[in-house]
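Below is one structure; the comments refer to it alone.
We did not get these values from a lab; they are worked out from the coordinates using the rules stated. Please read these numbers as outputs of a predicted model, since none were measured by experiment. Because the Cβ atoms are built from the backbone with ideal geometry, glycine has one as well, and the counts that use them run over all protein chains shown.
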Amino acid sequence: MSKENQPEQDAAPHTGDPTNTAEHSIGIFTRQPRSTMSRIAFWTLLITAILGAAGSIALHIFAGGSIDADVATTVALLATILVWTRIRWLQALGAVGGAILIYLFLTQPFVIESLAQPRADPNGGFYHFVGQLVPIALTCIGLAATIAAVLQNYRSIARKTPRWFPVVSSAVGGMVAGSVFIGALAPGPVIPTVPPLQAPAISSGPGVPIAMNMGMPHAPTSLTQLQDPQTATRVDRFTLTAQPAHLTMSSGVSLPAWTFNGTSPGPTLHVRQGDEVVVTLVNHLSFGVTIHWHGVRVANASDGVAGVTQDAVKPGQSYVYHFTPLDAGTYWYHSHQFSEEETTNGLFGMLIVDPATPTIHADVDTSVALHTWNGPNNQPLYTMNSTDGTLNKAARPGQWVRLRIVNTAETPTGNPQLVTLVGAPFQVVSLDGHDLNGPQQLTQTPLPIGAAQRYDLFFQMPVSGSVALVTADDGSSYVQTPALIIGQGSLPAKLPAVTKWFDLTTYGTPTADPVTPQSHFDTTYSIVLSNQLGTSLGRSGMTYMLNGKVFPDTAMLMVKEGQLIKLHFDNQTNLYHPMHLHGHIMTVLTQNGQPLSGSPVHLDTVLVPPHMTYDVAFVANNPGVWMLHCHNFLHANWGMDMMVTYNVSTPYTIGTASGNFPD
Ligand code: C2O
Ligand code: CU
């Protein structure tokens, strides 16, 4: 005999005796009959919870996770459990959960934008819209069914319930109604968002070049002929699609971004030294893009510099890069059209070249891109890969870890990004992808990473606990986020103080090197770095100069194949300048005239501190037209670029005629 058919009984005082309660009264834990409404409520909420869990897990795997999705999933799960109990007041609480869920959905800015404009990018268009509509519809059905289930048989049960029941049930009902009301009418929580990005452009006008050619006009070779041979036995193919996206940070901040394949950093390209790498760039943005393979000695035609080695790839078009990496190591890629705006706003990723014959064995090999975004209220937002929170990487005690770090942006001050490793002593095994000789163990030493530079760290996991990579964004103290935690454990509550910086001029062990300060140099170029108010590309402001000139009026450095060229950088400013040479490796000779006392150092980006000099040298062994510029994007955008030119011509031009503006 089912309960609802039992003869009615007077409400007996609640005795706490379960048998008594079941027989004689409706206790607070009496389950309601299984009704259609409670079944609908249960299944719709359960499906919502499952969908939410799948979404949350996917976000954690591919996008660094979303607290909002986690909270919504948890609420859906709780509501499901409450409804499943079939205990009336718990079901009423389940209804409150459903209302909260609808509130959470409808106060998400993406959801609102997507509902308002079902087909509009950058919110993912129609599929995103459907993806949001489904859980909202399910939750609405679940909520309605839950309320109906609670109200079912209200009259008959009311007669059997103790006197407190109407009071409690109206309180619960009021809460349900109240939360629905709040959900419908209250403004959502203030989720910090950043205004949409503006497509980069330079307006024409006085001072803006129309068509400047960076090559040697009547040279026997055009750089379009300078291609890597396509003879490798292994070919690694990738497609990188430039597209807009919204990045959700773990702090809840939502950032508009330009990305490769929807994420920033874009996919990490892992290739092997000597393989042919074929990358198809597809442009789904509304403006031109290119890809430059930073630090990789590619043939000139694949260097990806708009107006120098190619035209920027137009919206809707695609372009194929072929190159064969000569050197193993940690590299990265980024757009070299309006690179200040395009790279800063997300068009970059990492490129890792494994050696053809392995040198160091690492059990765990992981990489981190340090980026600085323009966050809410124009405040800098610092990230590691795609999170402003904590990244985790698994490693077991005793395992050897190679951690590759790149600084893909610049700090607002233009100072290098300071990082250190907490929890284990470590070695810096390579800089800009090039191995160091006899690197010593360091403990919590601050590592200054100039814009575009890379550090590879190597260390062993301790017997217990984790190892963490932390940053000092302002250069004075380490912060808790963003951070990378390797192994089991969390960040120590108290982080070490910033101590004396790592110094590449004294680190490691000396060894023979083909290029030394005593080498015979065919040509020495002296390059003075300075800044002053002036004009650049038709705009007035602080300009950054090479030998007193602003790009594209800077001198060209003429070189011949086979020459050994010395560059003397003389920084006369109060700022750091990470000077980057395309297509070649620079050997560091001296700092302030002092030769290095440690390992030889080979870089593609040399960080020249304020009021210091650096001498570097490179072998001119890669014909073409190559940029030499400061990798502080602001400085490059305001003048600090020049060309190193062999006797090679180019069909491309920089200026308003082509729309090519490399920085
Ligand atoms: Cu990383 Cu000219 O660039
Ligand atoms: Cu600079």
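Backbone N atoms of segment 588-610 closer than 19 Å to the 7 Å Cα→Cβ label point of residue 530 belong to residues 608-610. In this structure, the amide hydrogen of residue 559, modeled 1.01 Å from its nitrogen in the peptide plane, lies closer than 5 angstrom to those of 645, 646, counting only residues at least 5 positions away or on a different chain.
Relative to the Cα centre, the charge distribution of the chain, modelled as +1 at Lys and Arg Cβ and -1 at Asp and Glu Cβ, gives a dipole magnitude of about 2260 debye.
In the chain, a dipole from Cβ-located charges (positive for Lys and Arg, negative for Asp and Glu) runs towards its positive end, and of 637, 408, 559 it is 408 whose Cα lies farthest in that direction. Under 5 Å between amide hydrogens, built in the peptide plane, is the criterion, and for residue 368 it picks out 404, 405, 406 among residues at least 5 positions away or on other chains.
Helix 88-106 axis versus longest C-alpha principal axis of the chain: approximately 30°, rounded to the nearest ten.
Using Cα positions and a limit of under 20 Å, work out the aspartates and glutamates in reach of residue 500, with same-chain residues fewer than 8 apart set aside. Correct list for residue 500: 456, 473, 474. Counting only aspartates and glutamates at least 8 places from residue 549 when in the same chain, those with an alpha carbon closer than 15 Å to its own are 570, 641.
Using alpha carbon centroids, what distance separates segment 29-82 and segment 391-448, in Å? A separation of 41 Å, based on Cα centres.
For segment 338-348, putting each phi into the Karplus relation 6.51 cos²θ - 1.76 cosθ + 1.60 with θ = phi - 60° gives couplings of 6, 5, 4, 6, 5, 6, 4, 8, x, 7, 7 Hz, in residue order, rounded to whole numbers and with x for Gly and Pro.
Couplings 3J(HN,Hα) for segment 203-211, derived from phi with the Karplus relation 6.51 cos²θ - 1.76 cosθ + 1.60 (θ = phi - 60°), are 7, 6, x, x, x, 9, x, 8, 7 Hz, where x marks Gly and Pro.
Between the amide H of residue 348 and those of 260, 266, distances stay under 5 Å, these residues lying 5 or more places away or on another chain, with hydrogens modeled in the peptide plane. Taking only the alpha carbons of segment 236-345, we obtain Rg and Dmax values of 14.0, 43 Å in that order.
Using the alpha-carbon positions of segment 359-502, Rg (one decimal) and Dmax (whole number) come out as 14.3, 47 Å.
Based on alpha carbons, the Rg and Dmax found for the chain are 31.1, 109 Å.
Here the translational diffusion coefficient of segment 355-412 follows from Stokes-Einstein with Rh set to the Kirkwood radius across Cα pairs; for 37 °C and 0.692 mPa s it amounts to 242 µm²/s. What the phi angles of segment 231-243 give under the Karplus curve with 6.51, -1.76 and 1.60, with θ = phi - 60°, is a coupling list of 10, 5, 7, 9, 10, 10, 10, 9, 10, 10, 9, 6, 8 Hz, glycine and proline written as x.
Inter-label distance, residue 60 to residue 396: 2.2 nm, where each label sits 7 Å from its Cα along the C-beta direction. So what's the net charge close to residue 642: Lys and Arg +1, Asp and Glu -1, counting the other residues with Cβ under 12 Å from its Cβ? Once all neighbours under 12 Å are counted, the net charge is -2. Distance from the Cα centroid of segment 216-231 to that of segment 582-597 is 29 Å (rounded to whole angstrom).
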